[in-house]
Protein chains: 2
Amino acid sequence: MTAANVAGLPTPCLLLDRQRMQANIDRMAARAAELGVRLRPHVKTCKSVEIARLMCDPGHPAITVSTLREAEYFAAAGFSDILYAVSIVPQRMDRLLALNARGANVQVLLDAVATARAVGAVATATGQVVDAWIEIDVDGHRAGLQPDDPVLVDVARAVHETPGTRLAGVLTHAGGAYDCRSADALESHAEQERRRCVRAARTVRDAGIPCREVSVGSTPTALSARSLAGVTELRAGVYVFFDLVQAGLGVCRTDDIALTVLTTVISHNRPQRRLLIDAGGLALSKDHGTAEQRHDCGYGLVASVADGRPVPGLRVDAVNQEHGIVALPPDLDFAAFPVGSRLRILPNHACMTAAAYEEYHVLDAAGEASERWPRCNGW
Amino acid sequence: MTAANVAGLPTPCLLLDRQRMQANIDRMAARAAELGVRLRPHVKTCKSVEIARLMCDPGHPAITVSTLREAEYFAAAGFSDILYAVSIVPQRMDRLLALNARGANVQVLLDAVATARAVGAVATATGQVVDAWIEIDVDGHRAGLQPDDPVLVDVARAVHETPGTRLAGVLTHAGGAYDCRSADALESHAEQERRRCVRAARTVRDAGIPCREVSVGSTPTALSARSLAGVTELRAGVYVFFDLVQAGLGVCRTDDIALTVLTTVISHNRPQRRLLIDAGGLALSKDHGTAEQRHDCGYGLVASVADGRPVPGLRVDAVNQEHGIVALPPDLDFAAFPVGSRLRILPNHACMTAAAYEEYHVLDAAGEASERWPRCNGW
């Protein structure tokens with residue numbers, strides 16, 4: 001049920017179903033507990049202090065961030081244990097060291113000896129020691145060192161021996177999981193992620209270098225792993241909202257998706273049987289991540305405002321900057337979607353969609369838009 | 001040449017080459033003069049007061065906007081003649097009427113009798129009269145009425161007779177031009193746009209209803225039209241920066257593109273011969289508008305910082321949220337792109353890319369980042 005005050009919100013805007021979100025948060029927390037690992041939520045999806053607090057273990061609120069602006073925003077809100085999980089470049093260290101000088105522990109990610117030395121030199125010059133993680137590539141997805149790359153021990157030794165850095169552990173992101181097309185494939189991918197990252201840690205330890213932590217993660221592998229033996233920490237982010245890509249992967253149901261875009265029907269194109277809505281490429285993003293999945297959801301599925309449930313047969317077929325185009329199937333009538341009426345759009349990729357907005361309108365159990373929570377965008 | 005202070009900018013950020021932009025602005029202004037029509041730039045691309053002032057005829061600064069927030073932002077900066085070129089819904093009229101009550105002339109776009117009556121009723125209730133344009137569909141691209149749709153005269157009459165509205169004219173956007181694959185096809189499409197929109201105006205006038213203005217536009221048709229006989233006004237926006245989609249259409253050269261994203265090389269993936277850069281899906285957008293063109297530019301072409309010229313063989317092949325992946329061809333060496341070095345990315349679609357940023361860093365003739373100009377994002 002959605003209360004009357006939602007009807008008064010200017011569109012497009014983000015609606016966040018608090019009950020669904022809490023269920024998603026509880027599910028991942030239970031997974032981490034069951035697997036015996038610490039959960040370090042990735043807050044690049046939500047970019048919200050209010051949401052991050054709900055995602056974290058209150059006893060040890062550890063988070064992952066993807067930009068220095070996130071690090072600054074969350075540090076200002078009292079978060080201390082912050083892993084900046086994008087390859088550090090020495091030129092960025094000034095902003096990071098400024099946070100650590102004020103009491104945060106922002107940690108860096110790297111994969112090269114030269115970077116380790118340069119980061120260490122900058123930290124040393126300010127009298128600081130920075131915790132550094134080494135990125136491991138477990139599936140050729142993006143970045144990091146192969147577990148058997150001889151450079152791995154060189155990097156670990158450089159971090160360990162450079163005065164300004166301290167080795168925290170090894171870290172991977174199994175982004176290749178997004179190409180899996182079955183639950184079995186996801187489970188295998190999660191096991192590959194675990195095995196290869198644990199092997200990288202063993203390689204470092206076998207060289208006599210302390211490697212305390214083993215951090216793995218991605219929402220689909222986190223929800224598919226049977227064991228995380230040898231792993232100490234799990235990172236995931238998009239689970240907080242879920243989205244159509246995750247539903248397509250089979251790790252959530254459409255009804256678990258907590259984030260929708262509220263939109264208005266702005267015109268009827270009767271000859272072409274199209275609804276025009278005010279959620280276009282900027283409001284939804286041009287992420288078409290379901291294109292290669294079993295169900296191509298276009299640029300999002302159309303849902304009713306009342307219950308957030310998809311309207312069968314309706315999706316956003318095309319987007320221009322401020323227009324979404326929804327083809328109306330023969331069994332539906334324009335009269336059901338008058339100009340000025342509202343719809344909700346389930347996003348393909350929640351991280352990309354949310355990034356266009358400054359705030360969330362949080363729906364409480366009664367469907368009332370009871371609070372507005374800000375986001376931190378940009379860099 | 002790019003001056004030393006650019007090297008100190010945090011990345012990713014937007015660089016705007018002022019000389020290139022001015023040349024683009026001058027080119028379109030000359031086109032409008034040559035074609036004998038008023039230019040009403042679409043400021044949804046730049047969303048910047050500083051840039052809009054350069055785009056406009058100082059004697060009559062008329063602009064087109066795509067959101068009410070743009071209308072409010074530009075009205076606050078002194079712009080008065082503002083065409084809100086997205087189908088109006090009556091629920092939005094309060095914000096619009098508030099601007100007009102303070103002296104602006106924000107005009108609406110519509111294509112239905114019921115909308116015309118509802119808009120008129122709201123305006124009348126505040127004692128205002130709103131200028132309304134009727135949207136015409138010239139190529140089945142998106143929205144509007146066919147020039148020969150009998151409803152057209154009904155809508156025109158409703159606007160004309162409803163006390164709170166006044167008919168400004170007919171308006172179209174030939175978005176189908178983006179599917180053209182040759183200069184000849186573009187010229188034909190521009191002529192179709194002109195002919196059909198002029199025909200719509202004639203239909204209205206033949207019914208005895210005054211229809212003063214005929215507004216057409218899109219950057220590719222504006223630059224391809226041989227005649228705009230019967231047209232009074234030309235709208236276009238992306239020409240101010242141009243982008244790879246426009247270059248692919250053949251209406252600009254790559255060297256005309258005035259907007260680039262400054263990025264940093266953050267890692268080398270040597271086994272896979274990839275550069276990792278800090279311009280990913282959020283920094284570039286996921287617009288892949290060149291995918292169907294002759295040259296698929298991935299998510300952008302990689303250019304040197306020094307001169308903004310593309311580095312042959314380098315493009316952004318894939319994007320994640322904060323990572324861009326650039327495959328390094330066999331003839332190029334990692335040593336030419338050290339970690340921490342800077343590159344520029346030419347965007348596929350300037351409107352989408354710019355929307356991720358709060359400001360432009362404006363490069364002067366010496367390549368110095370001499371000014372920062374804010375943007376107005378959101379709704």
Condition check for A:N105: crowded, with 22+ Cβ neighbours inside 10 Å, more than 10 Å from chain B (Cβ to nearest Cβ) and on the phi < 0 side of the Ramachandran plot: no
Within the range B:274-302, considering residues that are among the hydroxyl-bearing types (S, T, Y) and more than 8 Å from every other protein chain (Cβ to nearest Cβ), the one surrounded by the fewest Cβ atoms within 10 Å (Cβ to Cβ): B:T290
Test: residue in the range A:154-171 that is of a type in the set (G, A, S), within 14 Å of chain B (Cβ to nearest Cβ) and under 23 Å from A:V65 (Cβ atoms): no
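Only one of A:A222, A:A236, A:A258 is small (G, A, S) and within 14 Å of another protein chain (Cβ to nearest Cβ); which? Before the answer, list the steps.
On the way: A:A222 fails: within 14 Å of another protein chain (Cβ to nearest Cβ); A:A258 fails: within 14 Å of another protein chain (Cβ to nearest Cβ).
Answer to the selection: A:A236.
Within the range A:54-72, take every residue that is closer than 14 Å to A:L96 by Cβ and of a type in the set (V, I, T) and give me the one that is surrounded by the fewest Cβ atoms within 10 Å (Cβ to Cβ).
Initially, the range A:54-72 is screened for residues closer than 14 Å to A:L96 by Cβ, giving A:65-72.
Of the ones still in play, those that are also of a type in the set (V, I, T) are A:65, A:67.
On the way: A:V65: 27, A:T67: 22.
Out of the qualifying residues, it is A:T67.
Please find, within the range B:19-61, the residue that is nearest to B:Y73 (Cα to Cα) out of those that are among the aliphatic types (A, V, I, L, M) and assigned to a loop (DSSP other than H, G, I, E, B).
At the first step, the residues of the range B:19-61 found to be among the aliphatic types (A, V, I, L, M) are B:21, B:23, B:25, B:28-30, B:32-33, B:35, B:37, B:39, B:43, B:49, B:51-52, B:54-55.
After this cut, where a residue has to be assigned to a loop (DSSP other than H, G, I, E, B) as well, the list is B:37, B:43.
Details: B:V37: 26, B:V43: 11 Å.
Per the criteria, the residue is B:V43.
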Odd one out for B:Q246, checked against (1) polar (S, T, N, Q); (2) farther than 20 Å from B:C180 by Cβ; (3) not in a loop (DSSP other than H, G, I, E, B): (2)
Options B:A229, B:A291, B:A303: the member that is over 19 Å from the mean Cα position of the chain (by Cα), hydrophobic (A, V, I, L, M, F, W, C) and closer than 16 Å to B:L15 by Cα: B:A303
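Residues that are open to solvent by 20 Å² or more (accessible area, probe 1.4 Å), at least 2 per element: which helices (runs of 4 or more DSSP H) completely within the range A:142-237 meet that? Can you show your working first?
Values: elements: A:151-161, A:183-206, A:219-222.
The qualifying helices (runs of 4 or more DSSP H) are A:151-161, A:183-206.
Condition check ((1) within 23 Å of A:C46 (Cβ to Cβ); (2) open to solvent by 30 Å² or more (accessible area, probe 1.4 Å)) across all residues:
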position	(1), (2)
A:D94	no, yes
A:N100	no, no
A:V113	no, yes
A:G120	no, no
A:T124	no, yes
A:G127	no, yes
A:W133	yes, no
A:D137	no, no
Selected residue (criterion: surrounded by the fewest Cβ atoms within 10 Å (Cβ to Cβ)) from residues of the range B:39-49 that are among the β-branched types (V, I, T) and within 14 Å of chain A (Cβ to nearest Cβ): B:V43
Of the criteria (1) within 30 Å of A:A229 (Cα to Cα); (2) open to solvent by 10 Å² or more (accessible area, probe 1.4 Å); (3) among the small types (G, A, S), which one A:A75 fails: (1)
Of all residues in the range A:271-299 being in contact with a strand residue (DSSP E or B) (Cβ under 9 Å, 6 or more places away or on another chain) and among the basic types (K, R), the one that is farthest from A:H323 (Cα to Cα): A:R273
Subset of the range A:50-79 (residues that are in contact (Cβ under 8 Å) with a residue 24 or more places away in the chain, of a type outside the set (V, I, T), within 21 Å of A:S218 (Cβ to Cβ) and more than 14 Å from every other protein chain (Cβ to nearest Cβ)): A:A52, A:L54, A:M55, A:D57, A:A62, A:F74
Matching residues, the range B:141-194, being of a type in the set (D, E, K, R) and under 20 Å from B:S87 (Cβ atoms): B:R142, B:D149, B:D154, B:R157, B:R166, B:E193
Odd one out for A:P271, checked against (1) closer than 24 Å to A:L249 by Cα; (2) open to solvent by 10 Å² or more (accessible area, probe 1.4 Å): (1)
Close pairs (8 angstrom Cβ cut-off, 6 or more residues apart or separate chains): at positive phi and within 14 Å of chain B (Cβ to nearest Cβ) in the range A:352-379, assigned to a loop (DSSP other than H, G, I, E, B) and aromatic (F, W, Y) anywhere: A:G378/B:Y357
First in the range A:320-347 and among the aromatic types (F, W, Y), second anywhere and part of a strand (DSSP E or B) and open to solvent by less than 30 Å² (accessible area, probe 1.4 Å), Cβ under 8 Å, 6 or more apart: A:F334/A:L275; A:F337/A:V265; A:F337/A:L275; A:F337/A:L343
Meets criteria (open to solvent by 10 Å² or more (accessible area, probe 1.4 Å) and assigned to a loop (DSSP other than H, G, I, E, B)) for B:A335: no
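Counting only residues that are open to solvent by less than 40 Å² (accessible area, probe 1.4 Å) and within 14 Å of chain A (Cβ to nearest Cβ), how many does the range B:303-322 have?
First pass over the range B:303-322, keeping only residues open to solvent by less than 40 Å² (accessible area, probe 1.4 Å): B:303-305, B:308, B:311, B:314, B:316, B:318-322.
With within 14 Å of chain A (Cβ to nearest Cβ) added as a condition, the list becomes B:305, B:316, B:318-322.
Going through the range B:303-322 one residue at a time, the tally reaches 7.
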Subset of the range A:80-91 that is facing chain B (nearest Cβ under 10 Å), open to solvent by less than 30 Å² (accessible area, probe 1.4 Å) and not in a loop (DSSP other than H, G, I, E, B) - its residue that is nearest to A:D111 (Cα to Cα): A:S87
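Quick grid of which residues meet (1) open to solvent by 10 Å² or more (accessible area, probe 1.4 Å); (2) within 17 Å of the chain's Cα centre (by Cα):
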position	(1), (2)
A:I345	no, no
A:C351	no, yes
A:A354	no, yes
A:Y360	no, yes
A:A365	yes, no
A:A369	yes, no
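The values are calculated or read from the model by the stated rules, or taken from the named source; none is laboratory data. Being a predicted model, the structure only gives us computed values, none of them experimental. FYI the Cβ positions are ideal-geometry reconstructions off the backbone, even for glycines, and counts take in every protein chain you see. Remember, those area values only see protein heavy atoms, side chains included, never the ligands or the DNA or RNA. Shrake-Rupley method; radii C 1.70, N 1.55, O 1.52, S 1.80 Å.
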